[in-house]
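Only the coordinates and a few stated rules stand behind these numbers; no lab work does. Computed from a predicted structure; not experimentally measured. Note: ideal-geometry Cβ built from the backbone for every residue, glycine included; neighbour counts use all protein chains shown.
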Amino acid sequence: MKNRFLIIILLVSNLVLGQQYDGLHIEKSKIDKNNSIYTLGKEFVFNIKITENDSIFFIKENNSDNFKLSNEIDSLKISEIHLTVIKPRMFQRTNKNQTEVYYSYEPNPTTISSTGIVENDENIWVHPPRNGFFKSLETCPFPYIKLNEPIGYKWTDSMSIGNHWADEKWGLWSDRLLLNYEYKISGKEKIQTKIGELECIVISAIATSNIGESKLKSYFSYDYGFVKLEYTLFTGMEIELNIAQIINGPILRDGKEFFENKYK
């Protein structure tokens, strides 16, 4: 059990992916205190569905840089992604002025990755999981909503990413890749989820680049945040994350406390 606390925690810092969403409003104070959805101690559990050419794939292995997919369900090793909102220790926040979250790949996680989200009364924006196979999500629009805007509202943004995010499964490029985003609040829809029927705002987003086009269709609940995310990669592979459970857990401060709580 003690060895679990010595597992390397993957802290992805601003040096790896600098904030480049220039249109995003980020508050200077009360970074966590003014959150109403992504509050300290909350754990959001998502089921994973991966499809390519009408075939379903399962994650057999998912490490920091490596992954293995299989179309045999018996090889399934990772079935859920957990987003846990934590309260980092002083000077340990991964992204300045962003709420700290851990991503873990479950069941039986061996590593966690730390990143940030932005929640305030103007917009909500979420860094996706990005270890192993989920590095692919760096090539897609991030979950992002401008709050209290009408259906049909549009906005744009951009970001460039390095080629360490590239892979033949979702796209290869040299040097940096510029992603130009177009977002639109495309409607409202009631959807069935494992936590009940939810009234959602639907946001359609496209990322264009010199190697292709990726997409994200996201479903946002004012009570529970982003509850369904439908990604389409440059190569046409589709990744769907669906909310399965929301847990009110203890307020955690670091990776040691995360694993202590997970395996107590």
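Key figures for this structure:
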quantity: Rel. contact order, % - alpha carbon contacts under 8 angstrom, at least six apart, the chain; calculated: 21
quantity: Pairwise label distance in nanometres, Glu199 with Thr51, each label 7 Å out on the Cα-Cβ vector; calculated: 2.9
quantity: Listed values (1) 52, 44, 36; (2) 65, 43, 33; (3) 51, 44, 41, entry calculated as Cα extents along the principal axes in Å; calculated: (3)
quantity: Compactness of segment 140-264 as Cα Rg over 2.2 N^0.38 Å, two decimals; calculated: 1.25
quantity: Descending Cα extents along the principal axes, segment 31-187, whole Å; calculated: 44, 35, 34
quantity: Projected-area average for segment 120-214 over all orientations - Cα convex hull basis, square nanometres; calculated: 7.3
quantity: For segment 182-190, 3J(HN,Hα) per residue [Karplus equation, 6.51 cos²θ - 1.76 cosθ + 1.60, θ = phi - 60°, Hz, x = Gly/Pro]; calculated: 10, 10, 8, 7, 9, x, 10, 7, 8
quantity: Segment 157-216 and segment 219-242: distance between their alpha carbon centers, rounded to Å; calculated: 9
quantity: Residue-by-residue Karplus 3J(HN,Hα) for segment 59-66, coefficients 6.51, -1.76, 1.60, Hz, glycine and proline x; calculated: 8, 8, 8, 8, 9, 4, 10, 10
quantity: Pair Ile151, Ser64: separation of 7 Å Cα→Cβ label points (nm); calculated: 4.7
quantity: Evaluated over segment 15-88, the Cα radius of gyration and Dmax, each in Å; calculated: 17.5, 48
quantity: Length-normalised contact order for segment 160-233 - Cα pairs under 8 Å, 6+ apart - percent; calculated: 22
quantity: Residue (of Ile59, Asn35, Ser204) at the positive-pole extreme of the chain, dipole from beta-carbon charges; calculated: Asn35
quantity: Within a Gaussian network of the chain (alpha carbon springs, distance under 10 Å), most fluctuating of Pro143, Pro109, Pro128; calculated: Pro109
quantity: Residue-span extension gain [Asn210 to Lys190] - 0.36 nm each, minus C-alpha spacing; calculated: 3.6 nm
quantity: For the chain, built as a Gaussian network whose Cα springs stay under 10 Å, the top-fluctuating residue of Lys28, Lys42, Lys190; calculated: Lys28
quantity: Rg/Rh ratio calculated on Cα atoms of segment 115-157 (Kirkwood radius); calculated: 1.04
quantity: GNM top mover of Lys228, Lys87, Lys215 - the chain, alpha-carbon springs below 10 Å; calculated: Lys87
quantity: The chain, dipole about Cα centre (Lys/Arg Cβ +1, Asp/Glu Cβ -1), debye to the nearest 20; calculated: 840
quantity: Mean Cα-pair separation over length for segment 41-102, i.e. relative contact order, pairs under 8 Å, 6 or more apart, %; calculated: 32
